[in-house]
Amino acid sequence: MRNGIVRGEQSMDVVITGLLLVWFLLSVVVQIRRPRVLALRTHDRFRLLPAWNLFAPRPIVSDYFVSFRTWDNPDAPPSSWQRLPFPGSRRLLDGIVNRHRRSSKTHWDSAHDIVMAFEQSGQPIPVSDPAYLRLLGCATSQARAIPKATTVQFRISCIRGHHLSNATEIAWFESNRHHV
């Protein structure tokens, strides 16, 4: 009797290992962006195959950046644009566990929301918009650290290009001027 239980457990281990191996291989295969391969997803009724893309046909080619500038007084020329700093200092361990991931994603999502709303409506974004207020708050907190700064403005730019040598920066949105 004992021998039969051991064989049953071993055969169950083989079945489970086989199922995991098939799932892993299908997960890798569906990353290939071809019509026949993508048809596999239509048969995935329980959404067991991951939807992320490991083998992108192109690397990330654009990103948003938020910059700010300040004025000492309304008649003076503005300071040069400065990028909002990355939330927190970067560490080598951030490649595994990034403690500032939510903060940086909030910056990116806010910038994306503002740009999309501005492109769709063509109208100024209301100051009461949560994304606008988030970025204004970040720019204002940086401006408060600058002596004599009385007014702040933020800008959302997009940098496009595969390599730094051919990257271009496009200003997509500029906020109104706000008191610090």
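The values are calculated or read from the model by the stated rules, or taken from the named source; none is laboratory data. All values derive from a computational prediction rather than experimental measurement. Glycine also receives a Cβ, built like all others from the backbone with ideal geometry; neighbour counts cover every protein chain displayed.
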Residue tally, condition polar (S, T, N, Q), in a loop (DSSP other than H, G, I, E, B) and surrounded by 16 or more Cβ atoms within 10 Å (Cβ to Cβ), over segment 91-142: 0
Boolean, residue 73 is over 20 Å from residue 173 (Cβ atoms), polar (S, T, N, Q) and touching a residue at least 60 places away in the same chain (Cβ under 8 Å): yes
Failed item in (1) at pLDDT below 75; (2) outside any helix (DSSP H, G or I); (3) surrounded by 10 or more Cβ atoms within 10 Å (Cβ to Cβ); (4) within 16 Å of the chain's Cα centre (by Cα), with residue 52 passing the rest: (3)
